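Only one structure is covered here, and it is reproduced in the block below.
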Amino acid sequence: MKPTLLIPAALASLALSACTDETISGYADRETVWTLLEIDRKPFDSNATITFPKPGQIVGEAPCNSYSSEQKAPYPWFEIGPIAATRRACDALDHESQYFTALTEMRQIEVQGDMLIMSNETGGQMVFLSQR
């Protein structure tokens, strides 16, 4: 009986898993724009969106500025890097600050139909609705 080498199969498996996006962008439709409905169970009175267009990438519109960041944690975990945003001023900068602060504090993310729910260990929550 001829010995079988498992190394090539293991390497192929590793190569395939390295190409798979394990972040939220691998699970959510990349074309979907998610609009923020509430933070911590209170309506959010400004416009804010988030999308996941590429592996590990976050892009969106905050109340005043467009922004981007990266997301490296595997689904259902959520952890973003520094937020890069344009520098436009508007009357809703306090809402924008609230949005960015809440976004950086979220640690889990879940897609349930047309809802995207982010949460953290202290009970914080952000709820978004799909805008397809």
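Things to note:
- Single unsatisfied condition, Met115 versus (1) aliphatic (A, V, I, L, M); (2) farther than 17 Å from Leu37 by Cα; (3) loosely packed, with under 15 Cβ neighbours inside 10 Å: (2)
- From the list Gln98, Gln71, Gln125, the one residue that fits, being at pLDDT below 95, among the polar types (S, T, N, Q) and surrounded by 13 or more Cβ atoms within 10 Å (Cβ to Cβ), is Gln71.
- Tabulated pairs, region 49-71, first more than 24 Å from Leu93 (Cβ to Cβ) and touching a residue at least 24 places away in the same chain (Cβ under 8 Å), second surrounded by fewer than 21 Cβ atoms within 10 Å (Cβ to Cβ) and among the acidic types (Asp, Glu), C-beta under 6 angstrom, 6+ apart or interchain: Pro55/Asp21; Gly56/Glu70
- Every residue from region 37-76 that is of a type in the set (Gly, Ala, Ser) and part of a strand (DSSP E or B): Gly60, Ser66, Ser68, Ser69
- Filtering region 112-126 to residues that are part of a strand (DSSP E or B) and not small (Gly, Ala, Ser) leaves Gln112, Met115, Leu116, Ile117, Met118, Gln125, Met126.
- Any chance Thr23 is touching a strand residue (DSSP E or B) at 6+ places or on another chain (Cβ under 7 Å) and modelled with pLDDT under 90: yes
- Of all residues in region 34-48, none are over 22 Å from Gln125 (Cβ atoms), more than 10 Å from the chain's Cα centre (by Cα) and loosely packed, with under 15 Cβ neighbours inside 10 Å.
- Any hit, region 87-98, residues being touching a residue at least 40 places away in the same chain (Cβ under 8 Å) and either under 15 Å from the mean Cα position of the chain (by Cα) or in a strand (DSSP E or B) (or both): no
- Scanning region 45-79 for residues that are over 19 Å from Thr32 (Cα atoms) and among the aliphatic types (A, V, I, L, M) gives a single hit, Ala73.
The values are calculated or read from the model by the stated rules, or taken from the named source; none is laboratory data. This one's a predicted model, so the numbers in the text were calculated from it and none came from an experiment. FYI the Cβ positions are ideal-geometry reconstructions off the backbone, even for glycines, and counts take in every protein chain you see.
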